[in-house]
Amino acid sequence: MTDNSVYANPLITRYASKQMAEAFSDDKRFRLWRRLWIALAEAEMELGLNITPGQIAEMKKYADDINYEVAEKYERQVRHDVMAHVKAFGDQAKSAMPIIHLGATSCFVDCNSELIIISDALKIIKAKLVNVMDKLKAFALRYKDLPTLGFTHLQPAQLTTVGKRATLWLQDLMMDYENLVNLENSFKLRGVKGTTGTQASFMELFNGDGEKVKELERRVVKKMGYDKVYGVTGQTYPRKFDYNVLCVLSQIAQSAYKFSNDIRILQNMKEIEEPFEKSQIGSSAMAYKRNPMRSERMGSLARFVISLPVNSAVTASTQWFERTLDDSANRRIVNAHAFLALDGILNIYLNVSENLVVYDKVIAKHIAAELPFMATENIMMECVKAGGNRQELHERIRVLSMEAGRNVKERGLDNNLIELIKADDMFAPVKDKLSDILDAKKFIGRAPEQVEEFVSAEIDPILADNADVLGLSGEVKV
């Protein structure tokens, strides 16, 4: 039963998936600690230290059987979480107690486990990101040739298509994907470095044999499933890595925020809507309302994620010499919350992008209200071809356009520019051609081809590389 008397983190209770919550759970972290201790002891045994297979076997026996109450009791006594878990692990694997954590500093388990957690969390983000891209690809192709008003400065501009606009959202995500992949490709563990990064304790254990110390690090990292380590560290892995991670998360949040704002504006215009469930309530007061709550929530969470890199920048820039501990409490909050919030954003993005509702008749109505103004150049050129005077035609269209503008803005009526042109003898040569001239598809340029080319050249290869994770849908909890 929920304890409603204490604060509950909404990132867990309302927004993030169970998968992402588990990725940052204490259970995962402490299991990783034990795996790291086992990998270290096993590698030390293989390289000749006085550690027995029986001790390794006993450690493995309790690798996932964490005695939390014992660890919590020790931590209250020693005020040190790593040593509390060393003692708790030793209470279970009694024969191994003397060699658990041998030669290591707390950051051996703390930093390496944090990096592995981040690596796993990035995989969750990547999977959801490419699934959103897959949904937007389908949407872009479906509406690649549906004309719609383009907007610059939030004012009607040349026509584009609904699908072409979706490729702008897609391209943002593609850039984010590329940055995420670059981050993955440069990923490294802290490795086995000792208290200040010099590996002095391990040199002592191996009687000054530097080659064995280097081999120890290689073996431990390989046992954990990785192959790269930082060449040098202080006590911790470089905190600039956290900043780089949060920058990538921020960039994805920025893309989602842009999408959510576009959808909110389009929903206001009644052209495109996010999904709205049968029993959903838009407003407690105004029963008729269909508020874009999903898109608004995306923006709200995105604003939080976008704000976090500066926090990591401060942490990275205030690490004194080999390390200080003023990063610890901060990072426990910032790193996890950034991933949890972005996970919530992508859950909504998935849900919205695969359930967008397009109102093509409303879109056509809005085009009809603006296209006459945009078509005046085409109309004028056709009249010139028929022998008209360009300057006189330009002036006449200017006068008629001003009259039509007053009709729309001052009288609240429809744009009647085409009717005015039809009634003017100066434009008689084009009267029978106006319907053809005003075909909206003649104003969208290469938009349909651009959609197809972009998807084929840049999106399909990404989706092919990630085919094994496609097929996800987004769940909105509340």
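Derivation of every value follows stated rules applied to the coordinates shown; laboratory data play no part. No experiment lies behind these values; they were computed from the predicted model shown. Quick reminder, even Gly has a Cβ in these numbers, built from the backbone with ideal geometry, and neighbours come from all protein chains shown.
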* To do: Enter the mean projected area of the convex hull around the alpha-carbon atoms of the chain, in nm², rounded to one decimal.
  => 31.0
* Label Asp3 and Glu449 with points 7 Å out from Cα along Cα→Cβ: what is the distance between them in nm? -> 6.6
* How much length is gained on full extension from Ile12 to Ala313, taking 0.36 nm per residue of separation minus their Cα-Cα distance? -> 105.8 nm
* **For Leu189, residues with placed amide H under 5 Å, excluding near neighbours** => Lys228, Val229, Tyr230
* To do: Hey, could you get me the Stokes-Einstein D for segment 230-278, Kirkwood radius over alpha-carbon pairs, 37 °C and 0.692 mPa s, rounded to whole µm² s⁻¹?
  => 235
* Asked: How big is Rg to Rh over segment 326-366, alpha-carbon atoms, Rh as the Kirkwood inverse-mean-distance radius?
  -> 1.43
* Structure fact -> Scalar couplings 3J(HN,Hα) for segment 368-380 by Karplus 6.51 cos²θ - 1.76 cosθ + 1.60 (θ = phi - 60°), nearest whole Hz, x for Gly and Pro, are 4, 6, 10, 4, x, 5, 5, 7, 4, 5, 5, 4, 4
* To do: For segment 376-437, report the translational diffusion coefficient in µm²/s to the nearest whole number, using Stokes-Einstein at 4 °C, 1.567 mPa s, and a Kirkwood Rh over Cα pairs.
  => 109
* With 25 Å as the limit, write out which pairs from Lys361/Lys477; Lys61/Lys240; Lys28/Lys60 have Cα-Cα distances beyond it, or answer none. => Lys361/Lys477; Lys61/Lys240
* Helix 162-185 axis, angle to the chain major axis (alpha carbon atoms, nearest 10°) -> 20
* Cα long-axis angle, helix 68-78 against the chain (0 to 90 degrees, to the nearest 10) -> 70
* Structure fact -> Ordered by fewest other Cβ atoms within 10 Å, a rough proxy for footprinting exposure, Glu452, Glu403 read Glu403, Glu452
* **Residues Phe202, Phe321, Phe304, Phe443, sorted so that the one with the fewest Cβ neighbours within 10 Å comes first** => Phe321, Phe304, Phe443, Phe202
* **Inter-label distance for Asp209 and Lys431, nm, one decimal - labels placed 7 Å from Cα along Cα-to-Cβ** => 10.2
* Quickly rank 162-169, 313-320 as a protection proxy: mean count of other C-beta atoms within 10 Å, highest first. => 162-169, 313-320
* Positive-end extreme of charge dipole, segment 376-437 - chosen from Leu400, Cys383, Leu420 (charges on Cβ) -> Leu400
* Relative contact order of segment 376-437: what whole-number percent is it, with Cα pairs under 8 angstrom and at least 6 residues apart? -> 37
* If the chain between Tyr359 and Gln19 were fully stretched, how many nm would it gain, using 0.36 nm times the residue separation less the Cα-Cα distance? -> 118.9 nm
* For segment 406-413, take each phi angle, set θ = phi - 60°, evaluate the Karplus expression 6.51 cos²θ - 1.76 cosθ + 1.60, and give the result in whole Hz per residue in order, putting x for glycine and proline. => 5, 4, 6, 7, 8, 9, x, 9
* Contact order normalised by residue count of the chain, Cα under 8 Å, 6+ apart, percent -> 20
* Relative to the first principal axis of the alpha-carbon coordinates of the chain, what is the inclination of helix 26-46, with its axis defined by its Cα atoms, in degrees from 0 to 90 and to the nearest 10? -> 50
